[in-house]
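Read through the structure below, which is laid out as structure tokens, and then see the notes.
No lab work stands behind these numbers, since they all come straight from the coordinates. On a predicted model such as this, the values are computed, not experimentally measured, just so you know. Ideal geometry is used to build each Cβ from the backbone, glycine not excepted, and the neighbour counts take in all protein chains shown.
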Amino acid sequence: MLEYLRPWIDLYKVDLKSFDERHYRELGGRLGPILDTIRGLHTMGVWVEIVTLLIPGFNDSREELTRLTEFIAGVSPDIPWHVTAFHGDYKMTEPGNTTASMLRAAARIGRQSGLRFVYAGNLPGAVGDLENTRCSSCGDTLIARFGYHIRDYRITANGRCPSCATRVPGRFDTAFSGQIASLPFVPGSRSRLSLLHLS
């Protein structure tokens with residue numbers, strides 16, 4: 001299937017929900033095919049980003065997160081890992097919500113495992129610099145974010161850090177031309193829903 005899709009895709013987001021086969025079976029899936037997909041996409045030259053929803057008591061142990069992030073780093077230390085916060089909703093109101101400190105602890109594990117681009121998501125302003133993209137060589141902030149809002153963009157037209165000229169892995173345009181979303185999240189504002197009028 002990946003070979004069929006390859007001519008039509010440049011990037012692919014993979015949800016890696018756990019690094020425990022038993023947990024994957026509880027969710028109705030299997031871990032092995034997910035890991036094979038990540039390896040296969042990277043080998044094919046597709047830009048891969050991985051998201052893990054951190055659920056307290058389910059996939060947040062240090063041992064499991066270490067194995068998960070060591071696997072990703074073993075494929076490539078440049079694969080971005082996004083660790084995001086669970087919040088109870090709909091049919092799953094337990095366990096408790098993931099806290100910002102839990103996300104920061106998971107991110108530390110990812111960095112200790114050798115990942116160069118680790119992000120903590122969906123708790124805007126509560127996770128320090130873990131929303132930002134930093135140069136893996138000199139540490140300068142290249143893309144500053146607040147939630148989905150891009151506050152500053154400094155990657156050069158040829159995809160490099162402007163401070164030390166290190167190549168920034170990823171897929172970037174030659175220049176930042178503003179938010180893609182028609183109504184981006186703006187810090188301090190409330191989101192507004194557009195109304196659809198049918199006649």
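Over the chain, Cα pairs under 8 Å with separation of 6+ residues give a relative contact order of 13 percent. Counted by Cβ distance under 13 Å from Val48, the other residues give a net charge of -1, where Lys and Arg count +1 and Asp and Glu count -1.
Per-residue ellipticity at 222 nm, computed for the chain from helices alone with -39500 (n - 2.57) per DSSP H run of at least four residues, works out to -7500 deg cm²/dmol. Can you compute the FRET efficiency between Ala126 and Asp15 using 1/(1 + (r/R0)^6), with r the Cβ-Cβ distance and R0 = 25 Å? Round to the nearest 0.05. According to the calculation, E is roughly 0.70.
Glu131 sits among other residues whose Cβ lies under 14 Å from its own Cβ, and their net charge, with Lys and Arg +1 and Asp and Glu -1, is +2.
For the chain, the square roots of the Cα gyration tensor eigenvalues, ordered a ≥ b ≥ c, give a/c below 1.5, which places it in the rounded category. Near Phe71: Cβ cut-off under 14 Å, other residues only, Lys/Arg at +1 and Asp/Glu at -1. The net charge is -3.
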